[in-house]
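A short write-up of the structure that comes next.
The values are calculated or read from the model by the stated rules, or taken from the named source; none is laboratory data. On a predicted model such as this, the values are computed, not experimentally measured, just so you know. When we count neighbours, we look across all protein chains shown, and the Cβ atoms used for this are built from the backbone with ideal geometry, even at glycine. Note: areas computed on protein heavy atoms with side chains; ligands, DNA, RNA excluded. Shrake-Rupley method; radii C 1.70, N 1.55, O 1.52, S 1.80 Å.
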Amino acid sequence: PKPALHVAVTGAAGQICYSLLPRIAQGDVFGKDQPVVLQLLDLPQALKAVQGVVMELEDCAFPLLAGIVVTDDPKTAFRDIDAAFLVGSRPRSQGMERRDLLSANAEIFKVQGRALNEAAKRDAKVLVVGNPANTNAYIATRSAPDLPLGNITAMVRLDHNRALAQLAAKAGVGTAAIDKLVIWGNHSPTMFADYRFATANGRKLPELIGDETWYRETLIPTVARRGTAIIEARGSSSATSAANAAIDHMRDWVHGSDGRWVSMAVPSDGSYGVPEGLVSGAPVICAGGSYSRVTGLEIDGFARSMLDKTVAELTEERDAVAALLA
Ligand code: NAX
């Protein structure tokens, strides 16, 4: 058998991880012949609950699950890891200002970035899911200078998959038929779901749908407000779909996207008018264990205004946490 990969998962007692961990242990990310060791991190007061999750994972008797580490110490969790899912973060409590939420999380991701810098394998692939995901990932990139900059990414794949499902239903095709959809910017209601380049079975999707008003006035806000709609209906935030998006993001990064475009929030190289270093949603193609940006896309007036809005929010978030990085 292959040597096991070591995979850190933070926020292990939480609801996303309850869906995520069994799928990693089952081979949905790294392959059906690839053993994994799970290195689970949570806060001290959550470790008892993590032990409960571990008992359940043991009771699944997953053939690929080669070991489990449980800890409240980031360096132990990140020791020699090949990949990390950073799901745990500080939720907004009642009366908490947005700025306080940003700084509380910046503190967490500064500590975790440093621990990654010290303990992770140099080619570890890191996905930040915990919100505010893009800015948390930005902090981690700044706190882990010895890791390749591009290896710390954030998740906009849930927004991508949400848009895919809505567009496929409208066009009357399967989700797998659609390619070249892009989520630009922040994982927040400002994100820009861009269907201008999208195709369905090779046909241009905007022509197939033929309803620009629906796209602008229904699709974009539906995707932006989907998280809230799920909270209203379910009484708690999206978990299974968030775990699924994390699986999709990491699996494509590891195994390739077969030439298809996928959306990942990655440190900007300055293209498309996104300031260098901001972790922003962009179209990429994954191959050979890495990703490359889709370059040279035209940004028209509408796209420019949408992109500028979400990038302005990312810039504000970056500025709000700047003092913590000094
Ligand atoms: P839960 O509140 O169920 O679980 C969070 C877990 O993280 C808890 O067990 C908590 O103890 C732990 N935690 C908190 N601080 C930690 C730290 N410093 N180190 C390690 N663990 C820590 O949240 P859940 O529903 O699982 O969501 C997790 C995060 O994902 C939230 O920040 C949420 O906002 C975010 N999401 C991000 C999405 C995305 O598309 N990027 C979509 C889904 C989700 O909303």
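Results, tabulated for the structure shown:
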read-out: 0 to 90° range, to nearest 10: angle between helix 240-255 axis and the chain longest Cα axis; value: 90
read-out: Other-chain or far-sequence residues with amide H under 5 Å of L5's (modelled H); value: V36, V37
read-out: Nearest-20 debye value, the chain charge dipole, Cβ charges on Lys, Arg, Asp, Glu; value: 180
read-out: Segment 1-123 - Kirkwood radius from inverse mean 1/r over Cα pairs (Å); value: 15.0
read-out: GluC sites (Glu not before Pro) restricted to segment 275-326 and DSSP loop, no more than 13 other C-beta within 10 Å; value: E276, E298
read-out: Per residue accessible area in Å² of segment 202-326, where ligands, DNA and RNA are left out and the probe is 1.4 Å; value: 47
read-out: Mean separation of Cα contacts under 8 Å (6+ apart) over length of segment 138-210, as relative contact order %; value: 23
read-out: Trypsin sites (Lys or Arg not before Pro) restricted to segment 187-247 and DSSP loop, no more than 14 other C-beta within 10 Å; value: R225
read-out: Antiparallel DSSP beta bridges within the chain, as percent of all bridges there, nearest 5; value: 45
read-out: Computed accessible area, C60, all protein chains, 1.4 angstrom probe, square angstrom; value: 70
read-out: Using alpha-carbon coordinates, inclination of helix 15-25 to the longest axis of the chain, degrees; value: 80
read-out: Accessible area, probe 1.4 Å, largest first, for residues L65, L314; value: L65, L314
read-out: Paramagnetic label zone (point 7 Å from Cα along Cα-to-C-beta, L149; backbone N under 12 Å) in segment 259-298; value: 267-271, 275-279
read-out: Reachable lysines, given that their alpha-carbon falls under 16 Å from the alpha-carbon of K32 and they are not under 8 places away in the same chain; value: K2
read-out: Apportionment of accessible area to carbon and sulfur, the chain, percent (1.4 Å); value: 51
read-out: Three semi-axes of the equivalent ellipsoid, segment 218-258, Cα gyration tensor, whole Å, largest first; value: 25, 14, 5
read-out: Cross-link pairs K170/K204; K170/K309; K48/K110 - those with Cα-Cα distance over 21 Å; value: K170/K309; K48/K110
read-out: Hydrodynamic radius by Kirkwood, which averages 1/r over all alpha carbon pairs of segment 95-173, in angstrom; value: 14.0
read-out: Cα Rg over Rh - the chain, Kirkwood; value: 0.95
read-out: Simple spin-label estimate for E217 and R203 in nanometres, 7 Å along Cα-Cβ; value: 2.5
read-out: Listed residue (L205, S237, A169) projecting farthest to the positive dipole end of segment 154-242, Cβ model; value: S237
